[in-house]
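This report concerns only the one structure given below.
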Amino acid sequence: MPKKAKELSALSVQRLTKPGLYAVGVVAGLQLQVLRSGARSWVLRAMIGGKRRDMGLGGYPDVTLAQAREKARDARAKIEHGVDPIAERAAARSALAAQRGAEVTFDEAARKFIEAKSHEWKSAKHAAQWTATLDTYASPIIGKLQVRDVALAHVIKVLEPIWTTKTETATRLRGRLESVLDWATVRGYRHGDNPARWKGHLDKILAKPSKVAKVEHHAALQVDELGAFVRDLRARDGMAARALEVLILTAARSGEIRGMRWDEIDEAAAVWTVPTERMKGGREHRVPLPDRVLEIFRTLPRIDDSPLVFQAPRGGQLSDMTLTAVMRRMKVDAVPHGFRSTFRDWASERTNYPREVAEMALAHAIENKVEAAYRRGDLFEKRRRLMADWARFCDTVQPSGGEVVRIRAKVRAA
């Protein structure tokens with residue numbers, strides 16, 4: 001052990017300004033280091049594990065003489081008990097750095113999850129919906145909370161206010177909370193069970209969504225009102241009116257129509273092939289095109305060689321509200337998506353086409369997994385006849401109280 005130096009007073013230490021090392025006494029090896037820059041700091045020189053080591057104890061005067069002597073005594077006590085105080089401090093700093101690296105708020109975790117998964121989602125709109133839902137309902141309550149600390153009480157506080165009033169939104173929100181928390185667990189930001197999981201957990205606390213959800217159907221025209229509407233629609237000019245008419249005649253979704261491209265259309269075969277990435281079900285869909293749709297295509301202008309069939313006046317796709325606005329101007333209490341419901345009612349009530357043919361025309365997913373596994377074809381030729389009959393029905397204005405005539409009372413087996 002080094003020889004103890006003469007004990008210096010606080011005033012004596014304050015006067016040490018010349019560069020060098022100065023022993024201050026009381027605790028062996030404790031020194032004040034004065035640098036050429038004028039900076040001063042405390043150093044404890046000691047033998048640790050058979051080697052001489054210098055251990056910093058902080059800067060002067062932030063660490064006073066009395067505090068430096070106390071730190072030096074604690075360090076020497078650890079050395080006597082076989083503990084390396086320098087290694088111990090390094091380990092503590094490493095643990096602190098690791099802890100800080102694992103400190104992620106729920107908002108940060110949600111943002112990182114969306115960034116990681118958005119590449120596999122169909123469109124930027126899907127990522128925007130995730131962000132909007134979490135920002136609106138989750139962020140105000142748990143956004144600033146460390147994701148490791150999100151517990152059942154927090155999840156309930158997010159979901160309960162909208163569970164019975166906005167059940168569909170709440171259900172999606174719960175699934176998104178579960179996904180973000182699962183991601184955080186896998187990444188090591190949290191541990192334990194997921195408080196947002198449904199089965200065997202939240203299903204014991206919250207009402208079953210199907211029991212409390214208010215089913216709201218898209219407003220749709222009655223079947224017998226369709227012919228008159230199509231007649232009036234054809235009297236209107238404009239890209240949106242033509243897009244809406246094609247939507248009706250193909251029973252397609254608004255997004256599929258608005259994103260329709262010329263290279264998806266085979267006019268010779270009268271087929272429109274909607275690619276996988278633009279289909280809700282994530283599967284390519286062939287649509288038979290009636291003669292009237294082909295006629296519409298021949299009248300449409302090719303604007304600036306745009307690949308879009310229906311282009312907005314300022315370029316790009318038509319907005320969904322553009323099609324809705326056409327119906328509002330016509331003073332019709334319905335929405336574009338409702339025409340798929342009108343088509344489905346017509347197919348089931350006015351024809352004898354098999355249910356699966358109409359469902360395939362609407363590109364609905366097959367709910368029965370066994371049936372879906374064995375279904376190989378897309379019933380295209382049957383659907384071509386179905387859509388031709390639908391186009392003829394759309395051309396016909398139904399008389400009030402007129403006789404209902406069934407189309408194709410008997411469908412031949414394909």
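Arranged from fewest to most other beta-carbon atoms within 10 Å of their beta carbon, TYR60, TYR22 become TYR22, TYR60. For THR105, the residues whose modelled amide H falls within less than 5 Å of its own, excluding neighbours fewer than 5 places apart on the same chain, are VAL147.
The HN-Hα couplings worked out from phi for the range 201-207 by the Karplus form 6.51 cos²θ - 1.76 cosθ + 1.60 (θ = phi - 60°) are 9, 5, 5, 8, 10, 9, 5 Hz, whole numbers, x standing for Gly and Pro.
What relative contact order, as a whole-number percentage, does the chain give when Cα pairs under 8 Å and 6 or more residues apart are counted? Normalised by residue count, the contact order of the chain is 11 percent.
Normalised by 2.2 N^0.38 Å, where N is the number of residues, the C-alpha radius of gyration of the chain stands at 1.70. Please list, by residue number, everything in the range 25-53 whose backbone N is under 17 Å from a paramagnetic label point 7 Å out along Cα→Cβ of ARG15. Those under the cut-off are 25, 32. Taking one quarter of the surface of the C-alpha convex hull of the range 106-212 gives a mean projected area of 6.6 nm². One chain, two ends: ARG187 and ASP291. Fully extended at 0.36 nm per residue, the span grows by 31.9 nm beyond their Cα-Cα distance.
This ranking places ARG283, ARG174 by how few other beta-carbon atoms lie within 10 Å of each, fewest first, which gives ARG283, ARG174.
For the range 185-320, the fraction of C-alpha pairs more than 18 angstrom apart is 67%. Please figure out what share of the DSSP beta bridges in the chain is antiparallel and state it in percent, rounded to the nearest 5. The antiparallel proportion sits near 95 percent.
Over the range 281-357, the pair-distance histogram of Cα-Cα distances with 10 Å bins from zero comes to 13, 30, 42, 14, 1 percent, rounded to whole numbers. Backbone phi angles across the range 247-260, fed through the Karplus curve with coefficients 6.51, -1.76 and 1.60 (θ = phi - 60°), yield HN-Hα couplings of 4, 5, 6, 9, 6, 8, 7, 4, x, 5, 5, 5, x, 4 Hz in residue order; Gly and Pro are listed as x. What angle, in degrees between 0 and 90 and rounded to the nearest 10, separates the Cα long axis of helix 338-350 from the longest principal axis of the Cα atoms of the chain? Taking the Cα atoms of the chain, the angle to 338-350 is about 40 degrees. For SER306 and ARG89, FRET efficiency with R0 = 56 Å and r from the beta-carbon atoms, rounded to 0.05? Here the calculated transfer efficiency is 0.25. A Förster radius of 22 Å combined with the Cβ-Cβ distance from ALA132 to ASP232 puts the calculated FRET efficiency at roughly 0.05. Our summary gives the range 223-394 a relative contact order of 27 percent, counting only alpha carbon pairs under 8 angstrom and 6 or more residues apart.
Scaled against the 2.2 N^0.38 Å expected of a compact globular protein of N residues, the Cα radius of gyration of the range 10-101 reads 1.16.
A full extension of the chain between HIS81 and THR276 corresponds to an added length of 63.3 nm, given 0.36 nm per residue minus the alpha carbon distance. The HN-Hα couplings worked out from phi for the range 27-42 by the Karplus form 6.51 cos²θ - 1.76 cosθ + 1.60 (θ = phi - 60°) are 10, 4, x, 7, 9, 9, 9, 10, 8, 4, 6, x, 5, 10, 8, 8 Hz, whole numbers, x standing for Gly and Pro. Listed by Cβ neighbour count within 10 Å, with the fewest neighbours leading, PHE106, PHE380 appear as PHE380, PHE106.
The calculated 222 nm mean residue ellipticity attributable to helices in the chain amounts to -13000 deg cm²/dmol, summing -39500 (n - 2.57) over DSSP H runs of n ≥ 4 and dividing by all residues.
Working note: Cα atoms of the range 223-394, range along each principal axis, descending, whole Å: 47, 36, 28.
Using the basic label-point model (7 angstrom from Cα toward the beta carbon), what is the GLU108 to LEU145 distance in nanometres? The answer from the label model is 1.7 nm.
Pairs of Lys residues in the range 62-188 are counted when their Cα atoms are under 16 angstrom apart and they lie 8 or more places apart or on different chains; the count is 4. Spin-label model, ARG298 to ALA124: label points 7 Å out along the Cα-to-beta-carbon direction sit 3.8 nm apart. When you filter the trypsin sites (Lys or Arg not before Pro) in the range 309-348 for DSSP loop state and at most 11 other Cβ atoms inside 10 Å of their Cβ, you are left with ARG314, LYS331.
Among the GluC sites (Glu not before Pro) in the range 185-291, those placed in a DSSP loop whose Cβ has at most 14 other Cβ atoms within 10 Å are GLU216, GLU267, GLU284.
Full extension of the segment from VAL212 to ARG73, taken as 0.36 nm per residue of separation minus the current Cα-Cα distance, would add 43.2 nm. Here the label points at ALA5 and MET47, each 7 Å from Cα along the C-beta direction, are separated by 2.0 nm in the simple model.
Laboratory data are not the source of any read-out in this text; all were calculated from the coordinates shown. Note that the structure is predicted; figures quoted are calculated from it, not measured. Don't worry about glycine lacking a Cβ; one is built from the backbone with ideal geometry, like all the others, and counts go over all protein chains shown.
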